[in-house]
Every structure is written in C-alpha cells, then in structure tokens.
Amino acid sequence: MNTPAMPQVWPTVIDMLADAAKHAPKHPAVVCGDKHLNYAEYRRCVIALAAELQGANIGTGNRVALLMGNSADIAVATFAVQAAGAQVVPLNPTYTAAELLPILLDADIALLIHDTGLEASLTTGIDTMAVGIGGRDLTAPRLQQQPDLTRPDPQSLSTLQYTGGTTGVAKGVDLSHATVAVNIAQREALLPTAATERVLAITPLFHVYAVAMGLYLAANCRGTLYIVPKFNAASVLRDIEQQRITFLSASPTIFQALLRDDGFAAADLSSLRVCSSGAAALSEEVLRQWEDATGCAICEGYGQTEAGPVLTYNPLNGPRLPGTVGIAVPQTEIGIVDVETGKIVLPQGEGGEIRARGPQLMSRYRNRPEETAQALRDGWLYTGDIGRINDKGYLVICDRKKDMVVTAGYNVFPREIEEVLFAMPGVADAAVIGVPDPYRGEMLCAFVVCGSGDLNEDQVKAHLSDRLTKYKWPRDIRFIAELPKTAVGKTDKIKLRKMASTDPSVTA
C-alpha cells in the first residue's frame, strides 16, 4: 500500500506541548490517581521546574536522570528537563546500585530526580531531588511569575536512552529534539490519533515505547493521559471502562494478562478505538483472541531505541497483516541485507539483517565510537534483528542476531546475569538462555555448574535478588555437571536450548 503523507512535524516536543496549552488550556492533560492537570496547569508545572533547573545552571550540555515510576511527576519532569535545554536520561527505578552506577558515570549526570524511598541505591555523590510522598510535588509549581516555555534548538540533544542493544553492555543512545519530534509525526501517519484521545499509559514511562506511544502521543493530539502507577489486570479493566479509554498502548504480556483476568468477559471495553502493541512480538493467537472479544484492532509495530523508536506499523486505516509488524513509516527505508557483511541487499522474501534509513535515527552511542560505527554505516542503522519483507511489502521479524532475550517486554542480556552468577562462591560455570514462554514471550533459564560444595536454587535466587532487578531473575535454574562447549571453548548455547526444550528436568 502507499504510505500516507506526513502530518505536521513540530520542531521539538516542547513546541508541541506549548501548542496544546494554547489551544486546549482547560482540557484534561494528565490524570494519575488524585492528580489532575489540564494543559494550562501542565505547562505551568513544566515551566516552573525548567526555570528551577536553569537557575541551578542546568541546561544545554547537561544531563538530568529520572529514576521514577509511573506518576504525574515523571510526565512533568520529562518535558521540563527538555524545556530547560538539558538532555533527559530515563532510568529504571528498580535497578540496583550496581546496575545504576556505571550508567550514571557514563552519562555524567548533573542532577538525579528520583522517587522517595530510593535513597539507599543512590550513594553516588550526584546532586539529587526526591519527588513523591515525603518529597517534592512537581505538580504544585512554586513559581508565581510564569515565563514562557523555552524552545530548545531542534538539533540539540533531547534524550539519552540507555539500551543494551545486542552486546549486554548498557549503551546510551543520543537522540536530538528533531529526531524525536519527526518520529511522532511518522507514527501519526500510520497510526493516527483522534482529537482529545483518552490514552491509558500502562507500560513504564522510563521506557522509550511508553514515552513515544503514551506521553508524547497524548500531548500531540491534545488528549488525556491516564497514568497507571502499577499494573494490575483487574484495575486496568476498570480504568478502561470507567475512564472510557479510547487508545490502549500495551505489551503482549499485558494483553495476555487482561484476557486471562476473571473480570475480562464482563468488562465494558466498548470505548476502545485502537490498541497498539510493542516492546516484544505479539502472537497471532493473542491478537485474534483480543480482537474477537473486544472488536478493537491491535496495530503491531516495530522499532528500537536507536530509531527514535518507531520504524514500522501495521496501518490503522489500511490492511493489517497478523504475523507482520507492518510497513515503513514515512521518510523511512527498510532493507534486508546479508548477515555476514551487511552489504548484499537480499531479494524480497529472503531473510537477513534488518537495516533502516530515515530522519529519526540516533546520532550516536554516547562514548562508544566503535559501536556507533558498527551500528551506523553509510546512513543506515543496522538493527541486529533478522527479518524479511513479504510479497505485500510488510516486514516480518524472524529472529535476533544475538542472544538478547525479550521477557515481558524487557530486553535482558544473558551475559549480565552470567557475570553475577560467576561472582557467586561455589559457582564454577554458568550460562543463561531464553526459552519460549506463552505468557512472557521468553523466559530466562540458567544452567549452573557447581564447584566445591553444593548449591541449591534458593541460594542462587538470593544471590541474584541482591544484584539484579526482578525481571532479570531466571525463572528456571538448573544444575548441570558441565556446560557443552564448542570446538574453540565457547559455551554452546544452541545445545543448551535443545536441552531446555527436550528435557525440562535436566540436572547434574
């Protein structure tokens, strides 16, 4: 099909928010529990924090990290940091100190804004601001005099989003204001929003998917963003019914959880106009069950942090092909090349590495010139994913080039978990793989070789829990006499996957 024309492209998301406040000042903008902001109030809160940051000499060239869960505060903080001219660095609030410190040092953070209660993880020497219960309320601005929103330079840096890519090492993706803004319009072309949309934000607002498909999407259409602090299937079904949600952005795991909830059949979901699925592959069976039960389409897309993040979508107003992630958004080329060199363009229908070219691509990985040069070649982003383009021009994702595991929408890198296992007394060797899981997409499975003495599953889990956030914990821990190795001495993960699939009870 022909790609729709591009809608309006804002210079920055700050211009987008300012326009919403100008033309819909009294319209509800953000709702989270008992916090309610209309667009005029939203703008005022953003201006107040931005002015405070600039007063502390935090602006262009600086980075401000956000270690926050879903709340009205994180919505205000995200826009405010960018309005101040600084670069926003969203981080997972469940990370341990060991996970956070390398990222904070790499990013050279000027200020860390965090939820109260996280102080124990933040002995970093970086200036901090606590928000939430017992801390600052960013939805109650202190300024009496309200200046105008500062408009940052579109070519300056907007976001530093950390991703593990395929190597397992956290890499900071530099995105400019222009790339973030153009990607909103690109997505809008294939997945258009309606005026005053009612958007439910369930997935974490520190994640690039939730920001693009919730925070920015709502402000772009002058809609209302209903923020869910913590996912619970029963309460989300009530929210959809009571708030008359029209746009639901979720991950495959969330759709499955809603379908399985006891209250699903009785829930009134008739207000839903469109659903979006991202962050992981959606099974055709879940899509069919959802659409049969609700009558509401799920549009699945594809992207990655390095692409701002959206590259393709199944169009809302065009053919949607289950099992595919749609067509390229406007001004974007998708190509399939050979895995070995990345230089041979493969014919339609043949599988290879997916590469992309367009105005939404990152400028670089922060402090990683070699990895930047590997990912960005001749104007193309090499995604590390394997796919093919079918006879209708739709992209099909086939596999991953590396060993990255996607569990419940989160990218998890086995090497990180293996390093933690290697550091445990009594562990002689270890390997972690992903295995198919009907609920999470993939589940982490750890194979552990004991050295001197015996270990049990509880001991291993206790060791992991002190060092890794919960979604990185292997749900299946197996003890084995030795790991299979290749001829050059590397752990043979192909054999481990076969062992995991054929003999779930394998132990030493």
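Which pairs do you get when a residue that is at positive phi, found in the stretch 226-249, comes within reach of a residue that is surrounded by 18 or more Cβ atoms within 10 Å (Cβ to Cβ) and part of a strand (DSSP E or B), reach meaning Cβ atoms under 8 angstrom, with the pair 6+ apart or on two chains? Note: pairs meeting the criteria are ARG244/ARG198. Residues in the stretch 290-303 that are crowded, with 16+ Cβ neighbours inside 10 Å and either hydroxyl-bearing (Ser, Thr, Tyr) or not in a strand (DSSP E or B) (or both): TRP290, THR294, CYS296, ALA297, TYR302. Being in contact with a strand residue (DSSP E or B) (Cβ under 7 Å, 6 or more places away or on another chain) and modelled with pLDDT under 90 is not true of GLU457. Exactly one of (1) modelled with pLDDT of 95 or more; (2) touching a helix residue (DSSP H, G or I) at 6+ places or on another chain (Cβ under 8 Å); (3) crowded, with 18+ Cβ neighbours inside 10 Å is unmet by PRO141. Its number? Checking PRO141 against (1) modelled with pLDDT of 95 or more; (2) touching a helix residue (DSSP H, G or I) at 6+ places or on another chain (Cβ under 8 Å); (3) crowded, with 18+ Cβ neighbours inside 10 Å, the one that fails is (1). Are any of the residues in the stretch 153-160 at pLDDT 95 or above, in contact with a Cys (Cβ under 8 Å, 6 or more places away or on another chain) and under 26 Å from PRO229 (Cα atoms)? Checked the stretch 153-160: no residue is at pLDDT 95 or above, in contact with a Cys (Cβ under 8 Å, 6 or more places away or on another chain) and under 26 Å from PRO229 (Cα atoms). The number of residues in the stretch 21-36 that are surrounded by 22 or more Cβ atoms within 10 Å (Cβ to Cβ) and within 26 Å of the chain's Cα centre (by Cα) comes to 2. Of all residues in the stretch 344-353, none satisfies being within 21 Å of the chain's Cα centre (by Cα) and either surrounded by 22 or more Cβ atoms within 10 Å (Cβ to Cβ) or without any contact (Cβ under 8 Å) to a residue 12 or more places away in the chain (or both).
A Cβ distance below 9 Å, combined with a sequence gap of six or more or placement on separate chains, defines the contacts here; from the stretch 377-391, residues that are on the phi > 0 side of the Ramachandran plot reach residues that are of a type in the set (Lys, Arg) and in a strand (DSSP E or B) in the pairs ASP378/ARG357; GLY379/ARG357; GLY384/ARG400. In the stretch 262-272, the condition of being closer than 29 Å to PRO330 by Cβ, out of contact with any helix residue (DSSP H, G or I) (no Cβ under 8 Å at 6 or more places or on another chain) and touching a residue at least 12 places away in the same chain (Cβ under 8 Å) is met by no residue.
Picking from residues in the stretch 351-385 that are in contact with a strand residue (DSSP E or B) (Cβ under 6 Å, 6 or more places away or on another chain) and among the acidic types (Asp, Glu), the one that is nearest to ILE397 (Cα to Cα) is ASP385. If the condition is being assigned to a helix (DSSP H, G or I), crowded, with 21+ Cβ neighbours inside 10 Å and not aromatic (Phe, Trp, Tyr), then the stretch 213-253 contributes MET213, GLY214, LEU215, LEU217, ALA218, ALA219, ASN220, VAL236, ILE240, PRO252, THR253. Among the residues in the stretch 61-82, are any within 18 Å of LEU175 (Cα to Cα), aromatic (Phe, Trp, Tyr) and buried (at least 24 other Cβ atoms within 10 Å of the Cβ)? Within the stretch 61-82 (the criterion being within 18 Å of LEU175 (Cα to Cα), aromatic (Phe, Trp, Tyr) and buried (at least 24 other Cβ atoms within 10 Å of the Cβ)), the answer is yes, since at least one residue qualifies.
PHE206 fails exactly one of the following numbered conditions: (1) in a helix (DSSP H, G or I); (2) in contact with a Pro (Cβ under 9 Å, 6 or more places away or on another chain); (3) aromatic (Phe, Trp, Tyr). What is the number of that condition? Failing condition for PHE206: (1).
Here no strands (runs of 3 or more DSSP E) wholly within the stretch 59-159 include at least 1 residues being without any contact (Cβ under 8 Å) to a residue 12 or more places away in the chain and over 23 Å from TYR42 (Cα atoms). The condition of being part of a loop (DSSP other than H, G, I, E, B) and farther than 22 Å from GLU197 by Cβ holds for only one of GLU285, GLU306, GLU340, GLU353, that being GLU340. Inspect all residues belonging to the stretch 373-385 and state whether any of them is in contact with a Phe, Trp or Tyr (Cβ under 8 Å, 6 or more places away or on another chain) and surrounded by fewer than 16 Cβ atoms within 10 Å (Cβ to Cβ). For the stretch 373-385, residues in contact with a Phe, Trp or Tyr (Cβ under 8 Å, 6 or more places away or on another chain) and surrounded by fewer than 16 Cβ atoms within 10 Å (Cβ to Cβ): present. Annotation for the stretch 197-206: at least one member residue is out of contact with any helix residue (DSSP H, G or I) (no Cβ under 7 Å at 6 or more places or on another chain) and closer than 29 Å to ALA328 by Cα. Of the strands (runs of 3 or more DSSP E) lying entirely inside the stretch 387-450, the ones with 1 or more residues being buried (at least 18 other Cβ atoms within 10 Å of the Cβ), touching a Cys at 6+ places or on another chain (Cβ under 7 Å) and of a type in the set (Val, Ile, Thr) are found at 427-437. GLN348 - would you say it is in a loop (DSSP other than H, G, I, E, B), closer than 15 Å to LEU190 by Cβ and not basic (Lys, Arg)? So GLN348 does not fit the description; no. Does THR124 satisfy the condition of being farther than 17 Å from ASP15 by Cβ, touching a strand residue (DSSP E or B) at 6+ places or on another chain (Cβ under 6 Å), among the polar types (S, T, N, Q) and at pLDDT below 85? The answer is no for THR124.
Determine whether THR116 is on the phi < 0 side of the Ramachandran plot, modelled with pLDDT under 95 and among the hydroxyl-bearing types (Ser, Thr, Tyr). Against the criterion (on the phi < 0 side of the Ramachandran plot, modelled with pLDDT under 95 and among the hydroxyl-bearing types (Ser, Thr, Tyr)), THR116 qualifies.
The values are calculated or read from the model by the stated rules, or taken from the named source; none is laboratory data. These figures come from a predicted structure and were not determined experimentally. Every residue, glycine among them, receives a Cβ derived from its backbone with ideal geometry; neighbour counts consider all protein chains shown.
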